[in-house]
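Before any comments, here is the structure.
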Amino acid sequence: MFMKILVNWCVRVTCLSAFLILWGCASGALVKPSVSIPSPLIDTFPMTVGIYYSDELKNYIWKDPKERPKYVIELGSNQSQVFDSSLGGLFEKLVTLDTLDPTSAEVDGIFHPEIADVTLSTPADTGHDNYEVLIHYTIQLLDSAGNEIHKWSINGYGKVNRRDFGSVMERTSDAIQQATENALRDASTLIIESFSSRSRPLAVSNWLK
């Protein structure tokens, strides 16, 4: 009798565990990353620049297009943190603008960032243990007359291992959030590196002079 009760109990626990695993994998996740990015400790360029955040960027929400558990990542609220920290640390003064019109403020140039695409890979996609997020930015730089100086393509990449996260119920959203925050930090670092003397294009170097 005792063995029968024990077997029934084990079967129920196993079924419940399997249900929780499947529920956690199938329910998707809503991710709202919050990232703090320190300003770079470098000498700033003695210039005043503007930055224009379009409504599309400020309200950017990525929705998973794949036929699988749906993941949603709210990225718009983080963009000022990424660019205010990176560009604000590169230049003497950074001004947020309401328009791309260079006559709206006395600035030496205007930066116009946009998110072109986002890619999410999960262990279910790849068969590996990593959650990976790739945020593809385009960043346009205009001079004080509104002419394009350069357009960068920046790919911020973040990766975490699923084994670093705890319960099945929380693992997916927490892992994707951390991978997204890593991608945002990586994008900020790449923006700063793109202005180094060895990386910046000639047109940008001439503008900085």
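Points to keep in mind about this one:
- L22 being assigned to a helix (DSSP H, G or I), modelled with pLDDT under 90 and open to solvent by 50 Å² or more (accessible area, probe 1.4 Å): yes
- If the condition is being loosely packed, with under 13 Cβ neighbours inside 10 Å and either touching a residue at least 24 places away in the same chain (Cβ under 8 Å) or not in a strand (DSSP E or B) (or both), then segment 60-91 contributes P65, K66, E67.
- Test set (1) in contact with an Asp or Glu (Cβ under 7 Å, 6 or more places away or on another chain); (2) open to solvent by 60 Å² or more (accessible area, probe 1.4 Å); (3) at pLDDT 90 or above - D55 fails condition number: (1)
- Residue in segment 92-110 that is least open to solvent (accessible area, probe 1.4 Å), counting only those that are more than 23 Å from L190 (Cα to Cα) and in contact with an Asp or Glu (Cβ under 8 Å, 6 or more places away or on another chain): P102
- Residue count for segment 149-208, restricted to those that are open to solvent by less than 40 Å² (accessible area, probe 1.4 Å) and not in a helix (DSSP H, G or I): 10
- The set of residues in segment 118-154 being at pLDDT 95 or above and at positive phi is empty.
- Residues that are in a loop (DSSP other than H, G, I, E, B), within 19 Å of the chain's Cα centre (by Cα) and surrounded by 15 or more Cβ atoms within 10 Å (Cβ to Cβ) do occur in segment 116-123, at least one of them.
The values are calculated or read from the model by the stated rules, or taken from the named source; none is laboratory data. Keep in mind the model is a prediction, meaning the values are calculated, not measured. Positions of Cβ are generated from backbone atoms using ideal geometry, with glycine treated the same way; all protein chains shown enter the neighbour counts. Note: areas computed on protein heavy atoms with side chains; ligands, DNA, RNA excluded. Shrake-Rupley method; radii C 1.70, N 1.55, O 1.52, S 1.80 Å.
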